[in-house]
Structure formats: C-alpha cells, structure tokens
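Notes follow once the structure below has been shown.
Read-outs: derived from the displayed coordinates by stated rules, not from any lab. Not measured: the values here are computed from a predicted model. Here the Cβ positions follow ideal geometry from the backbone for every residue, glycine too, while neighbour counts run over all protein chains shown.
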Amino acid sequence: MKQFHFLALFRLQTFYIFLIILPVSIFASATSIYDSMLDQIAEDVFLSPRQKEITEIEKRVMEKNREEVASLRSSIKHLLHKNDHLKRIVKDETIAKLEFVHALEGIPNLGGLLWYRDSEVFFSWGDWSDYYEDSLSLAKLRNEGQLTYFQIENNRFYYFVKNSSGYFPVNFQFVGWETTFYVFGEDGSLRYTNDLNVDTAIRSSEFKKIFESIKRKVRHCEVREIGGLSVFLVPGEERPLYYVLFGLRIFIYIWAVYLSYLFLSQSFPFLKKQLQK
C-alpha cells in the first residue's frame, strides 16, 4: 500500500510538471526545456546566498555591457550617416574627417574605432595598442574575431568600450550587494565596480597585484571571465539572516510541491481511479 501511494505521488508530480512546461515545449526542444527548468530551480532555490549574489552580479554586468555596446553602435552609425560623413570621408574630405573625429571624442565611453574598407585599415581613432597582436601595428589585432563590429556595405567598423577619465556610467552602489566586484575590459581598463573608493584609472595589471594581497586576507575571492570581461570578486561578511532566508526558500519549494500534489489529487480524482486499476 505504501508503495502504491509513493507511485501515485510520483505520477501526479510528473503530471504537474508536464502541465507547467507544456506551453514552453511548443517553442523549444525537450533538452533545452529540461536544462532551463533545472537551472532556474537550482538558481532560485538551491544556490547559497553568496553564489546567488555572484550570479546576480554577473547578470547585471553582462546586461549593462550589452546596453553600452548597443548604444555605442547606434551612436557611431548615427555619426557616420550624419551630414554624409561616411561618403565624404571615403572621398578623403579633410573637413569631414575632422568633424567625425571631434564627434567621436565627445563619446565618453568609446575607447577606439577602427575602420576597415576592402579588408584594409582605412581610418583609426583611439588607442588600440592593447589589441596589437605584434605590439607594433594595426595590421594584426589580437582576438580580432571576438572584437565588437558592424558592417556597412564593404566597410567594417571595430570598436571597444573604455571609460574616459572622470566618466563612470553605472553606479551599482544602490543595489546593496555584500560582495565587492571589479570588472575590467579586454584592454585592461576598469569598466564597472561597486567600490566608490577605488581609483577608476587603475589598470587590470595593477589591480591583480592588489587582488593577490586581498586573497590572503579574505576567503573565497575569485576571478571569472564572462563575455570578454574579467570580474574580480571579493566576498563580504556573511550574515546569519542570509542563511535563514536560504532555508526558507528551500522550505517554500518543498511545501509548494506538496500542495501541488494535494491540489491535483483533489482536482483530478479520475487520476487516482486510473492508478488504482
């Protein structure tokens, strides 16, 4: 009898999960649904408070990075089409080049622009030395295939994000995370942080030395690579309340599964009859 009740519970839970994922299955494969569901449950319920916070930091950082990259692309395209700068620069008009350079200098988070025309360097602006493969010229760029670019006809435009001196676009201080993080771009410049006391002009090579000394004092420090960004994480002091909430999340999840079983067993009595046969 106990074995029967266990089997009935298992089948009802399986049916409940099937009802949840059925609408999604129309648009996604079974594997992606299963993986997505497990990832979401693991993230929302079973991650420790510290890992949950780190996951949220990574999501916010990637979100802000995508926003900045997309915004820069729109700004550069607008400048190229404004007053026919693209066509005029191709015709080698000096005034058009000067206007374009002046406009680029007014974008505070643009580190550099590299214009290839017919597979050759046609125009460059900004400091690309951190991307030189041979440390000498623009002829060979390191990780060229991973650099952000867009295409207009036979023109390809590479660009990268870099905060100019005194400019910091995102303030993460209001979020209230205990973990302190420092995000550096591929060029070595500081992109994001929630540490208001850090020198925003610091380079990743300099910060790595500081980070090594921090690791000796603070446990669980780590470095993660996400989307071409290096994220240095320094955990804050863990508070008992976090673990109380962690336990509460797990309890609510188990309680929800149990209530779902009771609801289905009462709402679909024919399932019990089928199982008893």
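Quick one: which of K162/K217; K162/K208; K52/K215 span more than 23 angstrom between C-alpha atoms? Checking Cα-Cα distances, K162/K217 exceed 23 Å.
Over all other residues within a Cβ to Cβ distance under 14 Å of I226, the charged ones net out to 0, with Lys and Arg as +1 and Asp and Glu as -1. Using θ = phi - 60° in the Karplus curve 6.51 cos²θ - 1.76 cosθ + 1.60, the 3J(HN,Hα) couplings for region 209-219 round to 5, 5, 5, 4, 6, 5, 4, 6, 9, 10, 6 Hz; x is entered for Gly and Pro. Could you compute the net charge surrounding R216? Neighbours are other residues with a C-beta less than 15 Å from the C-beta of R216; K and R count +1, D and E count -1. So the surrounding residues net to +3. With 0.36 nm allotted per residue and the present C-alpha distance subtracted, the E63-I252 stretch has 65.1 nm of extension available.
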